[in-house]
Amino acid sequence: MSLSRRQVTAAAVSAVPLAFAATQTAHAGGRRPRTLYIAGDSTAAQKYADAAPETGWGMALPFFLRKELEVANHAVNGRSSKSFVDEGRLDVVLGAIRPGDFLLIQFAHNDEKAEDPTRHTEPWTTYQDHLRLYVDGARARGARPVLATPVERRRFDAQGDAVPSHGEYPAAMRALARREGVALLDVQALSLALWQRLGAEATKAYFNWTATEQDNTHFNPPGAIAVARLVARELLRERVLAHRDVRRLDEEIPGSWISWPEPATA
């Protein structure tokens, strides 16, 4: 499949909250801080007051990064590697990203939805094709792409073992990362191991389980913080970031640090 960059539409540009656009103003001393952009789905996305306590792990990632490294969270609910491109959202990111920045890419949850042709991709073909658009686009602008396998859902078998839910997508991303020489954060494997250690009952405290909802995909504050910690540790272990870029990797982060802003009004 041959893919070309889509033209940015006015609708796509306006759909990205200004609060998450990278700052383009010079800081004291004229040095522009580096920015870590996140392209992904609802598991990473910013949530608003009407969705609380649902929390994307991207909301918690800044707690583990030094203030000199900014986070621009462009992850959006319901998007796949394909629909994020088709809606012009990758163009928005690539229009803002600068040399020395990072593009962290996590998709698969919605790529898996074979019943929806606007989002579905096949792991070893169109999924990899779309991921290359992110990788190549970042590199063309002097930024560093980073692939992250999709965080695992809360699924346990009858024996109480955590079971994977993403099929061939993580393996396809791992293979692409090796072939393209891209840093890989294996969040799928790490989160699956974490859920296994915690067990079926304890993991409920990490997902968006409320009096009215039993959500085994999206996180509450403790879950988002736990996954963000995995991401930050992997960024350090893979030498994407240096020790000077991270903080609090072994510290308790209270869930009260999470806040949900009011939705932007038109």
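The values are calculated or read from the model by the stated rules, or taken from the named source; none is laboratory data. Computed from a prediction, not measured in an experiment: that's the story for all the values here. FYI the Cβ positions are ideal-geometry reconstructions off the backbone, even for glycines, and counts take in every protein chain you see. In case anyone asks, the SASA skips ligands and DNA or RNA and just uses the protein heavy atoms, side chains included. Shrake-Rupley method; radii C 1.70, N 1.55, O 1.52, S 1.80 Å.
Tell me the relative contact order for the range 152-266 as a rounded percent, counting alpha carbon contacts under 8 Å between residues six or more apart. Don't jump to the answer; show the numbers that get you there.
Working: 106 pairs, mean separation 26.8, N = 115.
Across the range 152-266, relative contact order equals 23 percent.
State the percentage of accessible surface on the range 107-190 attributable to carbon and sulfur atoms; use a 1.4 Å probe and exclude ligands, DNA and RNA. Let's see the in-between values first.
Numbers: 1710 of 3360 Å².
About 51 percent, which is the carbon plus sulfur part of the accessible surface.
Give, in nm to one decimal, the length gained when the segment between R155 and V246 is fully stretched (0.36 nm per residue of separation minus the Cα-Cα distance). Write down the numbers at each step before the final one.
Values: separation 91, 0.36 × 91 = 32.76 nm, distance 3.08 nm.
Net length gain for the segment: 29.7 nm.
For R237 and R174, compute 0.36 nm times the residue count separating them, minus their Cα-Cα distance, and round to one decimal in nm. Intermediate results must be reported in sequence, preceding the final value.
Details: separation 63, 0.36 × 63 = 22.68 nm, distance 1.63 nm.
Stretched fully, the R237-R174 segment lengthens by 21.1 nm.
Given H placed 1.01 Å from N in the peptide plane, which residues other than close sequence neighbours of T55 have an amide H under 5 Å from its amide H?
F219, N220
Select from A171, T125, A138 the residue farthest towards the positive end of the dipole of the range 117-266; place +1 on Cβ of Lys and Arg, -1 on Cβ of Asp and Glu, and compute about the Cα centre.
The listed residue farthest towards the positive side: A138.
List the residues, sorted by chain then number, that are 5 or more residues from R34 or on another chain and whose placed amide H is less than 5 Å from its amide H.
HN-HN under 5 Å from R34: E70.
Compute the Cα gyration tensor for the range 150-266, then decide on rounded, prolate or oblate, letting a ≥ b ≥ c be the square roots of its eigenvalues: rounded whenever a/c is under 1.5, prolate when a/b is larger than b/c in the other cases, and oblate in all that remain.
Numbers: a/c = 1.57, a/b = 1.13, b/c = 1.40.
Because a/c hits 1.5 or more and a/b fails to exceed b/c, the range 150-266 counts as oblate.
Please compute the per residue accessible area over the chain with all protein chains in place, 1.4 Å probe, rounded to a whole number of Å².
Working: 12110 Å² over 266 residues.
Here the per-residue accessible area is 46 Å².
How large is ³J(HN,Hα) for each residue in the range 91-96, as worked out from phi by the Karplus curve 6.51 cos²θ - 1.76 cosθ + 1.60 (θ = phi - 60°), to whole Hz, x for Gly and Pro?
4, 4, 4, 5, x, 9
Pairs of lysines 8 or more apart, or on different chains, with alpha carbons under 25 Å: count those in the chain, would you?
6
Report, in debye and to the nearest 20, how large the dipole of the range 183-236 comes out about its Cα centre when Lys and Arg carry +1 and Asp and Glu carry -1 on their Cβ.
Here the size comes out at about 180 debye.
Looking at the range 68-211, what % of its DSSP beta bridges pair antiparallel, to the nearest 5? If you can, show how the numbers build up before the last one.
Working: 1 of 8 bridges.
Restricted to the range 68-211, the bridges split so that about 10 percent are antiparallel.
Net charge within 14 Å of H166 by Cβ-Cβ distance, Lys/Arg positive one each and Asp/Glu negative one each, not counting H166 itself? Don't skip to the end; give the middle numbers.
Numbers: positive: K113, R153, R154, R155, R174; negative: D41, D111, E112, E122, E152, E168, D186.
Summing Lys/Arg as +1 and Asp/Glu as -1 gives -2.
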